[in-house]
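The values are calculated or read from the model by the stated rules, or taken from the named source; none is laboratory data. These numbers were taken from a predicted model, which means no experiment stands behind them. Here the Cβ positions follow ideal geometry from the backbone for every residue, glycine too, while neighbour counts run over all protein chains shown.
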Amino acid sequence: MSTTATPRAGRQPQDGTPAQAAPAGGLLVLLIGIFITTLDFFIVNVAIPDIQGDLHAGAAATQWVVAGFGLALGGGLITGGRLGDLAGRRRMYAIGLAAFTAASLACGLAPTAGALIAARVAQGVAAAMLMPQVLGIINGAFEGAARVRAFTAYGLTMGFGGVFGQLIGGALIQADVLGSGWRSIFLINVPIGAVTIALVRRTVPATPAARGTRLDLAGTALVTLGLVALVLPLIEGRRLGWPEWTWFSFAGSAVLLTAFALWQRRGAAPLIAPALFRERAFTVGIGIALAYQLAMASFFLYLALYLQQGRGLSALQSGLLFTALGAGYFAASTRASAVAARIGRQVLALGAVVQAAGCLLLIDGIAQDGGVAWLIPGLILAGAGMGFVLAPMSAIVLAGVGEGHAASAAGVLSTFQQVGGALGVAVVGIVFYGVLGGHPVPADVADAFQAGLLPIIGFCAATAALAQLLPRPARS
């Protein structure tokens, strides 16, 4: 039997209090939070031209509208996960969701570019509090087949937030509800968040706070500063031409994260329990998450640039083309748990290989220099590959994690995904913009995207290779 379908009997928190089962509707409430936070990571790209015009924002300011969210999210996920273990995951989910809703309102009402950037940073901090709790609650409140279905639904939701972000954003901006324009992409979160917050206590199972422990403030400072020092140059370095400060930042990050690792081994109440890394599935799994996100985030970004700058499509038109990606993703995600039950860890390798094949088809479709219809087979195949990887990944990585560390482990997993995404965008960006040059024309953008797909294929190959290091599933 696959590790994705093997429950851990009798999982309990560290204080011995059994975790509550998840009531009906609890999973939906959790997934709504994940959907709107994932969506906001991608949807803002569509609104950048309108934001620039309305708020008279320069290029640097609009870059920070995107980067501020990612930087705060990447820097705060590990701390957010540990706070869930200490204070109770349902409580932290509700606090994070309330903060995200309030920050979304601030984004929608922002009078200046500076106010919008500050609100986006607040959104990122709130998302960092919210996201690890979802995986932690699923890991503790569901068992057996229900747990497999819950993790599959989690992967499906995150994928839909990424795949359809551009389509939803383009549709909202074009609808221009009550003259809100770009602001609608943030304001839509307010009623959704308010209703969801009201349902949290009624539907989401409570998890008791850990007793006799407190937040490791020194560890929190070290890991937060270390991650910010790592993610910031990854986000900004390519755009600025990799100035000297980016390399100092990388070096500082290495020092800070090394100090954090040493501190965790000596601390009485570590932010990340060292025992987590004795679980082979977890240790290899976060490496897989890092490698795969190198491919995933960069694929979305540079595909969107190719469709709009290389093909001349509007945000809404390119969003509609993303539905081909979504169709493949949906079809594979709904079958991923059944496939994982048959072939175990190899489902991740299968997905990575299928996505690589989709990228090869896209390279061929671009070379045909015909209509966008030539891209559809490659998009469907790439989407299917994503579905086979993302849907079962969390269950495989978190399979051996105890209840007392479920949210902090989820925070580590999400952090590796965020760092992988930022690193992938930077690495593929070097190739993409290296081919593009300073004055792009559509043909140059097509060549740049074709070249950018080659490292993405390499990242998929690395994912498939790392999957072979996962422990073999126990036979039953």
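Looking at segment 52-70, which of its residues are part of a helix (DSSP H, G or I), surrounded by fewer than 17 Cβ atoms within 10 Å (Cβ to Cβ) and not small (Gly, Ala, Ser)?
Passing the criteria: only Asp54.
Could you check, for segment 178-187, whether at least one of its residues is loosely packed, with under 15 Cβ neighbours inside 10 Å, among the aliphatic types (A, V, I, L, M) and either in contact with a helix residue (DSSP H, G or I) (Cβ under 8 Å, 6 or more places away or on another chain) or over 18 Å from Asn45 (Cβ atoms) (or both)?
Looking for residues that are loosely packed, with under 15 Cβ neighbours inside 10 Å, among the aliphatic types (A, V, I, L, M) and either in contact with a helix residue (DSSP H, G or I) (Cβ under 8 Å, 6 or more places away or on another chain) or over 18 Å from Asn45 (Cβ atoms) (or both), one finds at least one in segment 178-187, hence yes.
One line per residue, one yes/no per condition, for (1) surrounded by fewer than 17 Cβ atoms within 10 Å (Cβ to Cβ); (2) touching a residue at least 12 places away in the same chain (Cβ under 8 Å); (3) out of contact with any His (no Cβ under 9 Å at 6 or more places or on another chain):
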| position | (1), (2), (3) |
| --- | --- |
| Ile32 | no, yes, yes |
| Ile43 | no, yes, yes |
| Asp50 | yes, yes, yes |
| Ala72 | no, yes, yes |
| Asp85 | no, yes, no |
| Arg89 | no, yes, yes |
| Ala103 | no, yes, yes |
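Determine whether segment 126-136 contains at least one residue that is surrounded by fewer than 24 Cβ atoms within 10 Å (Cβ to Cβ) and not acidic (Asp, Glu). First the steps, then the outcome.
Initial filter on segment 126-136 (surrounded by fewer than 24 Cβ atoms within 10 Å (Cβ to Cβ)): none.
So far as segment 126-136 goes, no, none of its residues is surrounded by fewer than 24 Cβ atoms within 10 Å (Cβ to Cβ) and not acidic (Asp, Glu).
Does Gly312 meet the test of being among the small types (Gly, Ala, Ser), within 24 Å of Leu361 (Cβ to Cβ) and surrounded by fewer than 21 Cβ atoms within 10 Å (Cβ to Cβ)?
yes
Got a number for residues in segment 256-312 being free of Cβ contacts under 8 Å to residues at least 60 places away in the same chain and in a loop (DSSP other than H, G, I, E, B)?
4
Answer with yes or no whether Ala291 is modelled with pLDDT under 85 and either assigned by TED's automatic domain parsing to the domain that holds Ala356 or within 30 Å of Val372 (Cα to Cα) (or both).
When the stated conditions are applied, Ala291 does not pass them.
Say whether the condition of being surrounded by fewer than 24 Cβ atoms within 10 Å (Cβ to Cβ) and at pLDDT below 85 is met by at least one residue in segment 377-395.
Within segment 377-395, not a single residue is surrounded by fewer than 24 Cβ atoms within 10 Å (Cβ to Cβ) and at pLDDT below 85.
Looking at Ala336, Ala324, Ala349, can you tell me which residue is buried (at least 24 other Cβ atoms within 10 Å of the Cβ), of a type outside the set (Val, Ile, Thr), in a helix (DSSP H, G or I) and at pLDDT 85 or above?
On the way: Ala324 fails: buried (at least 24 other Cβ atoms within 10 Å of the Cβ); Ala349 fails: buried (at least 24 other Cβ atoms within 10 Å of the Cβ).
Unique residue meeting the criteria: Ala336.
Tally the residues that are part of a loop (DSSP other than H, G, I, E, B) and either under 19 Å from Leu39 (Cβ atoms) or aromatic (Phe, Trp, Tyr) (or both), restricting the search to segment 108-122. Break it down into steps so the answer makes sense when it comes.
As a first pass, look at segment 108-122 and keep what is part of a loop (DSSP other than H, G, I, E, B): 110-112.
From what's left, either under 19 Å from Leu39 (Cβ atoms) or aromatic (Phe, Trp, Tyr) (or both): 110.
The total comes to 1.
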